[in-house]
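Here the structure comes first, spelled out in structure tokens, and everything after it is commentary.
The values are calculated or read from the model by the stated rules, or taken from the named source; none is laboratory data. Note that the structure is a prediction, hence the values are computed from the model and not measured. FYI the Cβ positions are ideal-geometry reconstructions off the backbone, even for glycines, and counts take in every protein chain you see.
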Amino acid sequence: MAKTRYGDGSIRERSPGSYQVRWRVNGKRHEITVRGTYADARRELRAKLKSADDGQHVAPSKLTVAEHVRERLAEWKASNAISPNTHERYSHLIENQIVPHIGTKLVQKLKPIDIEQWHSTLRTEGRKDGKSGISARTITSAHRVLGKALNDAVRHDLVTRNVTGREGQTAPRVAADEVEIIAADKINDVLTKLRGHAIYHRAVTALFTGLRRGELLALRWANVDLDAKEIRVREALEETKAGVRVKDTTKTKAGRRDISLPDIVVNVLRELRREQLEQRMALGLGKLDDDALVFPALDGGLPRPTNLSSGWADVAQAIGLPGVTFHALRHTHASMLIDAGLDVVRISKRLGHADPSITLRVYSHLFQKRDDKSAEAINAAVSAFKI
């Protein structure tokens, strides 16, 4: 069939409605098949030639989304760009939300409408157990992992743009969660009921410092200054399928921080240290090492964060807080700071957020509901509690 040349390219009709489009870039020949009209083929050729002129050309590739995201995940892990815990989370999202739905699509053929349809599928069929779709937050997490992989594809000249970015299909909007907190007028009652439970010291420390679970369990006596009423957050525990390990850095650079302690925490930690010293003396083990964990496992080793969460769940059920997670103590602490009138920058630093915008995003509704009565209720609850 006749071939028509256009500069460094050509078009040849292969059959009715099917055209072979060829062009050269830096001496290398490329070709694609365009189905449609001759005008469609000319339009595609012009786009390819313009892309080459602009330095945006990428060689055709059969790389699938599944192959690419798995390859990038392996590279991120090998280069220590992500932590083992993040690797597990990304792997779960890739294998459950990305690969089953768009894994067979070619990376270079992805279009914004594919991402839009993918989001819709996840909303209705995103769970493997056959139940209803997954939440907007999980969809957004999967979207970000795919977006990170496609950013690498752009950087490596596999594609010319990231279709999950601003010029493509962005992640779904996640409504501000009504984060779970313990009501201000209930705190005194909760503290009273917690007294006598093994989890008491950990719960009180978490409630009045806002420490993350991993930060709390990695806290060492060397980083606790009860006279100065301050703790230094320098490490965090991370739990994966391989076990528990101590990270010498916290979740973010902002996570490395010093936190002032209210008297209630100072008193609770003094009591805990005294109990630990008495126990060691009774066993003939001598004084506590400065490097010792404040909240070790029963055998003295690293505690499992998941055990803390499950242990708290049992206690919460027993004291009338069914369904309230251990992480809710951190949220409650944030609500105390907000109700007390602290500005968002100071709150962000105390919580160890990388940026105040994170604090605003998570707790925006609490800022909006701030009122003096809440602050008064919290102050009354704290001052009324006796150790």
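Does the range 48-60 include one or more residues that are outside the structural domain of residue 146 (by TED's automatic domain parsing) and at pLDDT 75 or above?
Yes, the range 48-60 has at least one match.
What about residue 69, is it under 11 Å from residue 145 (Cα atoms) and part of a helix (DSSP H, G or I)?
Considered against the rule, which asks whether it is under 11 Å from residue 145 (Cα atoms) and part of a helix (DSSP H, G or I), residue 69 comes out as yes.
Kindly evaluate residue 99 against the criterion of being among the aliphatic types (A, V, I, L, M), at pLDDT 80 or above and in contact with a helix residue (DSSP H, G or I) (Cβ under 7 Å, 6 or more places away or on another chain).
So residue 99 fits the description; yes.
Do we find a residue being surrounded by 20 or more Cβ atoms within 10 Å (Cβ to Cβ) and either at negative phi or outside the structural domain of residue 198 (by TED's automatic domain parsing) (or both) anywhere in the range 252-263?
yes
Okay, residues lined up against (1) out of contact with any Cys (no Cβ under 9 Å at 6 or more places or on another chain); (2) within 28 Å of residue 218 (Cα to Cα); (3) at pLDDT below 85:
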| residue | (1), (2), (3) |
| --- | --- |
| 314 | yes, yes, no |
| 318 | yes, yes, no |
| 326 | yes, yes, no |
| 329 | yes, yes, no |
| 341 | yes, no, no |
| 369 | yes, no, yes |
| 381 | yes, no, yes |
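Cβ contacts < 6 Å: first residue under 13 Å from residue 172 (Cβ atoms), restricted to the range 133-154; second residue surrounded by fewer than 17 Cβ atoms within 10 Å (Cβ to Cβ) and of a type in the set (S, T, N, Q), any location; separation 6+ or different chain. Result?
133/124
Which of the numbered conditions does residue 302 fail, given that it passes all the others? Conditions: (1) of a type in the set (A, V, I, L, M); (2) assigned to a helix (DSSP H, G or I); (3) touching a Gly at 6+ places or on another chain (Cβ under 9 Å); (4) modelled with pLDDT of 90 or more.
Going through the list (1) of a type in the set (A, V, I, L, M); (2) assigned to a helix (DSSP H, G or I); (3) touching a Gly at 6+ places or on another chain (Cβ under 9 Å); (4) modelled with pLDDT of 90 or more, residue 302 breaks only (2).
Tell me which of these residue 43 doesn't satisfy, since it passes every other one: (1) of a type outside the set (Val, Ile, Thr); (2) under 21 Å from the mean Cα position of the chain (by Cα); (3) modelled with pLDDT under 90; (4) part of a helix (DSSP H, G or I).
Of (1) of a type outside the set (Val, Ile, Thr); (2) under 21 Å from the mean Cα position of the chain (by Cα); (3) modelled with pLDDT under 90; (4) part of a helix (DSSP H, G or I), only one is false for residue 43: (2).
Considering the range 208-235 alone, what residues qualify as being free of Cβ contacts under 8 Å to residues at least 24 places away in the same chain and touching a helix residue (DSSP H, G or I) at 6+ places or on another chain (Cβ under 8 Å)?
234, 235
Restricting to helices (runs of 4 or more DSSP H) lying wholly in the range 324-372: which have 1 or more residues that are farther than 20 Å from residue 215 by Cβ and of a type in the set (Phe, Trp, Tyr)?
Result: 356-368.
Would you mind stating whether residue 167 is at pLDDT below 90 and farther than 27 Å from residue 63 by Cα?
It is false that residue 167 is at pLDDT below 90 and farther than 27 Å from residue 63 by Cα.
Provide a single number: the residues in the range 297-318 that are of a type in the set (D, E, K, R) and in contact (Cβ under 8 Å) with a residue 60 or more places away in the chain. First the steps, then the outcome.
Within the range 297-318, the first condition is being of a type in the set (D, E, K, R), and the residues that meet it are 299, 304, 314.
So of that shortlist, the ones also in contact (Cβ under 8 Å) with a residue 60 or more places away in the chain come out as 304.
Qualifying residue count, the range 297-318: 1.
Inspect all residues belonging to the range 218-225 and state whether any of them is more than 18 Å from residue 272 (Cβ to Cβ), out of contact with any strand residue (DSSP E or B) (no Cβ under 6 Å at 6 or more places or on another chain) and of a type in the set (D, E, K, R). Before you say what the answer is, go through the steps one by one.
To start, the set of residues in the range 218-225 that are more than 18 Å from residue 272 (Cβ to Cβ) comprises none.
Looking for residues that are more than 18 Å from residue 272 (Cβ to Cβ), out of contact with any strand residue (DSSP E or B) (no Cβ under 6 Å at 6 or more places or on another chain) and of a type in the set (D, E, K, R), one finds none in the range 218-225, hence no.
For the condition modelled with pLDDT of 90 or more, among the acidic types (Asp, Glu) and within 26 Å of residue 355 (Cβ to Cβ), what is the one hit in 248, 258?
Numbers: 248 fails: modelled with pLDDT of 90 or more.
Being modelled with pLDDT of 90 or more, among the acidic types (Asp, Glu) and within 26 Å of residue 355 (Cβ to Cβ) holds for just one of 248, 258, which is 258.
Please tell me if residue 321 is surrounded by 14 or more Cβ atoms within 10 Å (Cβ to Cβ), in contact (Cβ under 8 Å) with a residue 24 or more places away in the chain and outside any helix (DSSP H, G or I).
yes
How do the pairs read when you match residues in the range 274-296 that are more than 22 Å from residue 218 (Cβ to Cβ) with residues anywhere that are surrounded by 12 or more Cβ atoms within 10 Å (Cβ to Cβ), using Cβ under 8 Å and keeping only pairs 6 or more apart or on different chains?
286/280
Which is in contact with an Asp or Glu (Cβ under 8 Å, 6 or more places away or on another chain), surrounded by 16 or more Cβ atoms within 10 Å (Cβ to Cβ) and either at pLDDT 85 or above or not polar (S, T, N, Q) (or both), of 201, 197, 143, 119?
201
Please go through the range 72-96 and pick out each residue that is outside any helix (DSSP H, G or I) and in contact with a helix residue (DSSP H, G or I) (Cβ under 7 Å, 6 or more places away or on another chain). Reasoning before the result, please.
Of the range 72-96, the ones outside any helix (DSSP H, G or I) are 79-83.
Selection gives 82 alone.
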